[in-house]
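The values are calculated or read from the model by the stated rules, or taken from the named source; none is laboratory data. Model, not experiment: these values are computed from the prediction. Please note: Cβ atoms are built from the backbone with ideal geometry, for glycine as well, and neighbour counts cover all protein chains shown. All accessible areas refer to the heavy atoms of the entire protein, side chains included, with ligands and DNA or RNA removed. Shrake-Rupley method; radii C 1.70, N 1.55, O 1.52, S 1.80 Å.
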Amino acid sequence: MPVSEVAKRVLSIQSSVSHGYVGNRSATFPLQLHEWEVDVVPTVHFSNHLGYGSTRGRACKPSEVLELLEALLEKNHFVYDAILTGFIPNQRILQVVSKLLIEYQSRHPHVKWIADPVMGDQGETYVEEDVLNTYKDVLSHAFLITPNAFEVKLLTDVSVVNKATALYGLKRIYELYKVPQVVITSFEDADNSDLLFSMGYSLKENTFYSFLYSYPSLSGIFTGTGDLFSGLTLAKYVDEESRQKDKTSKNEREKNSSLGFFTEVIGQVLTCMRFVLIRTKEYTLQQLKHDSSIEKNRFLLSNACELRLVQSRDDLISKKNIYTPEEWNGLERNF
């Protein structure tokens, strides 16, 4: 590596599978495409994700996670730019991760913690019950979080059922945890059944920038999407942050980003996600057309529905944003 080249480094702490794209396998490739050096620590390791119906593997022991993290966080000769966390199945592992992470941040305040507080979706919980209490204790140390609607409910007791309750959920997240950047990755609104929504805010220099994106829903079986979303959010946030710093003046930055650049980041992420999911669905339908018996075999169907990440390389690194954000006023008036 030339001396002048500065590597971006991230430590990704989440689930691991040998086959398919969830957890670290879903986040790593997009980050590498954005020129990140990615180190990974598993919290569970399975042969494949649980949607296949059968799997081999196990959750990692807290002592194993501790051993790996101590080696990476305390004995390396470099400092990570960011730490990305995803699925952590139990409180003991989460306590190990959060304790070492917070200590690391105290030594290196510039390190960004991007937390996807994976706990469940669509009313189903994926983790042990006491994981929630630990998240409530430590999320104030996060730089950015990416909960889904169900996880907002767990963290705030606000049921996100429409745009108004999503805004209230964001308000409660800031009141409770003071996280400077938050995005609810997706939620539904009964008045717009054919659409999905993503709402978030960023806090910069005591100013809230809140936004709403709407996009068409897409039927299909998709796994690993939340892990892909958080990985892309980190990659594109840092890219856009660097681009903003290169602009000549603060006034120019504000003029070109009246909703804050985090809004543009999420638009790019949603665009990438859209193209990946469309390509995945097209591939699945092609496989079913070729062999209709796949639909009756849970293992083969899950395999046919794996995210088409490698085939979506150009879309993953694209800075295109096909969606138009709305400024969603009201958040700043609540503080």
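Data table
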item: Residue match in the range 167-178 (condition: without any contact (Cβ under 8 Å) to a residue 60 or more places away in the chain and in a strand (DSSP E or B)); result: no
item: Residues located in the range 49-78, provided they are in a helix (DSSP H, G or I) and over 18 Å from residue 89 (Cα atoms); result: 52, 70, 71, 72, 73, 74
item: Any hit, the range 299-319, residues being assigned to a helix (DSSP H, G or I) and over 28 Å from residue 51 (Cβ atoms); result: no
item: Exclusive hit being under 30 Å from residue 299 (Cα atoms), surrounded by 19 or more Cβ atoms within 10 Å (Cβ to Cβ) and out of contact with any Asp or Glu (no Cβ under 8 Å at 6 or more places or on another chain), set 125, 146, 185; result: 185
item: Number of the exception - residue 258 against (1) at pLDDT 95 or above; (2) in contact with an Asp or Glu (Cβ under 8 Å, 6 or more places away or on another chain); (3) over 24 Å from residue 31 (Cβ atoms); result: (1)
item: Those residues of the range 270-314 which are open to solvent by less than 50 Å² (accessible area, probe 1.4 Å), of a type outside the set (Ser, Thr, Tyr) and more than 21 Å from residue 20 (Cβ to Cβ), in sequence order; result: 270
item: Candidate set from the range 86-122 (those that are acidic (Asp, Glu) and at pLDDT 95 or above); member that is least open to solvent (accessible area, probe 1.4 Å); result: 116
item: Residues that are open to solvent by 40 Å² or more (accessible area, probe 1.4 Å), within 18 Å of residue 323 (Cβ to Cβ) and of a type in the set (A, V, I, L, M), drawn from the range 210-249; result: 218
item: Residue ID - surrounded by the fewest Cβ atoms within 10 Å (Cβ to Cβ), chosen from residues in the range 149-181 that are among the basic types (Lys, Arg) and over 22 Å from residue 99 (Cα atoms); result: 172
